[in-house]
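What follows is one structure encoded as structure tokens, with my remarks underneath.
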Amino acid sequence: ARRVSHVFLLAVPAYDDLIFVTDAAINIFPDLTIKRDIVQNAIDLHRGLGLGEPRVALLSAVETVNPKIPGTVDAAALCKMADRGQIEGGVLDGPLAMDNAVSAEAAKIKGITSPVAGRAQILVTPDLEAGNMLAKNMIFLAGADSAGVVLGASVPVLLTSRADSVQARL
């Protein structure tokens with residue numbers, strides 16, 4: 001059985017695609033095995049909603065592998081896992097910093113060329129704190145409409161925040 005995880009679905013006015021941010025509410029410090037499940041759950045949701053094969057950015061503070069930043073090592077490992085068929089249905093790249101995950105211009109300036117860079121649809125954060133802060137920044141500063149979904153349970157679960165608007169709760 002796959003690990004339960006959370007995805008924020010965000011409609012950000014300044015971005016062309018719906019953005020999924022995961023995991024922002026359930027897995028506090030996921031290890032590599034749990035991150036694999038988090039990524040696969042988000043990919044399956046994206047495809048299940050009829051949105052096609054998603055571009056998945058594995059976020060970190062930097063876009064190079066640095067053993068002193070564990071999230072960069074996990075991001076690289078997850079990409080290799082996707083190459084080997086351990087994660088299916090999406091195009092992965094990482095580590096990517098937030099700017100080059102969502103800005104083609106930033107990716108170009110930094111010399112990053114990939115199908116994901118500048119066009120990510122799923123943003124996988126290294127831990128719950130980063131995911132929660134990222135999603136709430138998009139909601140409160142970028143005016144994103146949001147919905148929170150728990151994946152991997154036996155029934156669909158919507159997860160709302162106490163600060164959510166009425167629209168987000170519906």
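Return S103, S154 ranked ascending by Cβ neighbour count within 10 Å, so the fewest neighbours appear first.
S154, S103
With each run of n ≥ 4 DSSP H residues scored as -39500 (n - 2.57), what mean residue ellipticity at 222 nm is computed for the chain after dividing by its residue count and rounding to the nearest 500 deg cm²/dmol? Taken over the chain, the calculation gives -10000 deg cm²/dmol. Computed from the alpha carbon positions, the gyration tensor of the chain leads to an equivalent ellipsoid with semi-axes of 23, 19, 15 Å, biggest first. Quick check: from the Cα gyration tensor, does the stretch 71-141 come out rounded (a/c under 1.5), prolate or oblate? Because a/c hits 1.5 or more and a/b fails to exceed b/c, the stretch 71-141 counts as oblate.
Once you reduce the stretch 33-49 and the stretch 68-104 to the center of their Cα atoms, the two points are 13 Å from each other. For the chain, DSSP calls about 55 percent of its internal beta bridges antiparallel.
For E88 and N137, the difference between the fully extended length at 0.36 nm per residue and the C-alpha to C-alpha distance is 14.7 nm. Each other residue within a Cβ distance under 15 Å of D31 adds +1 if Lys or Arg and -1 if Asp or Glu, for a net charge of 0.
Between E105 and K68, what is 0.36 nm times their sequence separation minus the Cα-Cα distance? Round to one decimal in nm.
On the way: separation 37, 0.36 × 37 = 13.32 nm, distance 2.75 nm.
So the chain would gain 10.6 nm between E105 and K68.
Throughout, read-outs are computed from the coordinates displayed, never taken from laboratory work. Keep in mind it's a predicted model, so treat the numbers as computed, not measured. Heads up, the Cβs are rebuilt from the backbone with ideal geometry, glycines too, and the neighbour counts pull from every protein chain shown.
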